[in-house]
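To start, the structure under review is shown below, and the notes come after it.
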Amino acid sequence: MDKETAADCCAAEDDEYPDSEVFCLMRVGRNSDWLRLFENTEITIGRGVDVTYQLLSPTCPLMISRLHCTFRQSEDGHWTVTDKKSLNGVWVNGTRLPSDEAHPVRLGDSIQLGVPVIGNKAEFDYVVVQKPLRDIKRFLAKKLVERVTSKSAHISKKPKRKLTMEEVEPSTSKPKLYRCSSADKSLAVPCPLSPLKGQQRLSHIKPEGTRPGRDDRQAERPSDGSSATRDFDNLQMYSQNILLLREQVDNTQRQVASLEGEPRQADPLREEQVRELRGQLDTLRAKMHRMETLEKSFSETKRLLEEQKTQQQEELLKKQLEEALQEQKKVIGELALSRQGFEEILLAKNKELEVTKEEKEKARAQKEEVVTQVTEVLENELQCIICSELFIEAVILNCAHSFCCYCINQWRKKKDECPICRQAIQSQTRCLALDNCIDRMVENLSLDMKARRQTLISERKGER
């Protein structure tokens, strides 16, 4: 009550100064339900009934805890928020706060209460602002205390309705039941009737000798399953009536016995009373017999209804079991079809892999054959007959034979004739086509052959 009184005092002071700036939580996307933070008081928020602001989520009732969080202003004027062990937490600028720890909040901070539901944004999303009270007063949400007070005042203003004579008179349609702690009212005992009310109720029951009317035929007819509860209430009423009839029969028998025990005198009034009591006794016995018959009929009907209900439940369970089995068979058939399809796909993939493997092996064999042929060509056609190495700076003589430039120059120092055909050497010409071809082929050779060729080239250049 102290917190509520302090908040009311702050509100009264602000009404006197509407231009004063106040702190509040502005709800994002709405021009209503803004939460004002009153100074010098603790603001509690939750879905309980003892909080400052009550938040109820229409989509997720348990999104907000009973006491979700509290806002408090420190001595230096700064506000802090504390998560009171809520289920879905308090989020400041996208970070969830630890429980029971005060966290400072500043202007512009984003405060979310709870978590966003899948596919939607957070329902309770606020921003801390400070604005004049005059501008935001129409957007502020009412405190829970104000709403409860206004609602109770509205209820108290409603005039009490006067009861009519029909409502004042007690109803005699069915006997009231004793209060019972059990939730099942069928175990309650009907209230005992006074003798006057018992006479009034029994007077509506016709004697056995009279012709049964429409209501009697309906009462004796077995009822269906929809009126089982009504028949059970009627059974309780008939049981109570049987007890009352037996009590009246006993009283009438005692009166008859007392009158017969008195000394007989010529008193026609007493004889008339005896005859009247005997007539009442016979009528009550007939009524009691009829009530017992009705009770047995209702008991048998109740037993049949219970058996019928049990049979219906069994049939329903059998039907549900058959539907479940059919559904299971359907699922098993779909799984078998899916398995067959997967097996066919796997076989096709295996065949593709085998074909690809064969193609790779063929390509590899062809590549090896090409390399072999190229090597043979290099060894047979592109070798210098003098040094037995691939041509290095190939030259062609006038007789169309090719040699290394270095090798033929050394040969001509001894003999000036072709080493192959023995014709006189008249001219020698560089062949760039052979050099380029050999260089391209050497790129596909092994590293050892490349290194060896490079060494020969370096040695011949050094000797020059």
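Gyration tensor analysis over the Cα atoms of the range 21-145 returns equivalent ellipsoid semi-axes of 20, 17, 15 Å (largest first, whole Å). In order along the range 349-359, phi translates into HN-Hα couplings of 5, 4, 4, 4, 5, 5, 4, 4, 5, 5, 5 Hz, rounded to whole numbers, per the Karplus curve 6.51 cos²θ - 1.76 cosθ + 1.60 with θ = phi - 60° and x for Gly and Pro. Volume per residue for the range 306-464 equals 160 cubic angstrom (convex hull of Cα atoms).
Using Cα pairs closer than 8 Å and at least 6 residues apart in sequence, work out the relative contact order for the range 21-145, in percent. Dividing the mean separation by the residue count of the range 21-145 yields 28 percent. Applying the criteria of a DSSP loop state and at most 13 other Cβ atoms within 10 Å to the trypsin sites (Lys or Arg not before Pro) of the range 380-426 yields Lys413, Lys414, Lys415, Arg422.
How would you order 430-440, 323-333 from highest to lowest mean count of nearby Cβ atoms within 10 Å? All intermediate terms of the calculation are to be shown ahead of the outcome.
Values: 430-440: 12.9, 323-333: 10.0.
Top to bottom by mean Cβ count within 10 Å: 430-440, 323-333.
Amide H to amide H distances under 5 Å link Ile396 with Thr429, Arg430, Cys431, where only residues 5 or more positions off or on other chains count and H is placed in the peptide plane. When you filter the GluC sites (Glu not before Pro) in the range 335-436 for DSSP loop state and at most 10 other Cβ atoms inside 10 Å of their Cβ, you are left with Glu381. Taken along the Cα-to-beta-carbon direction at a fixed 7 Å, the label points for Ser446 and Leu316 span 8.8 nm.
For Glu417, the residues whose modelled amide H falls within less than 5 Å of its own, excluding neighbours fewer than 5 places apart on the same chain, are Ile425. Across the range 291-300, coupling constants 3J(HN,Hα) worked out from phi with the 6.51/-1.76/1.60 Karplus curve, θ = phi - 60°, read 5, 5, 5, 5, 5, 5, 4, 5, 5, 5 Hz, and Gly and Pro carry x. Note that the range 439-448 has calculated 3J(HN,Hα) couplings of 4, 5, 6, 4, 5, 8, 7, 6, 5, 5 Hz, one per residue in order, obtained from phi through the Karplus relation 6.51 cos²θ - 1.76 cosθ + 1.60 (θ = phi - 60°); glycine and proline are x.
Only the coordinates and a few stated rules stand behind these numbers; no lab work does. Predicted model, so just to flag it, every value in this text is computed and none were measured. Ideal geometry is used to build each Cβ from the backbone, glycine not excepted, and the neighbour counts take in all protein chains shown.
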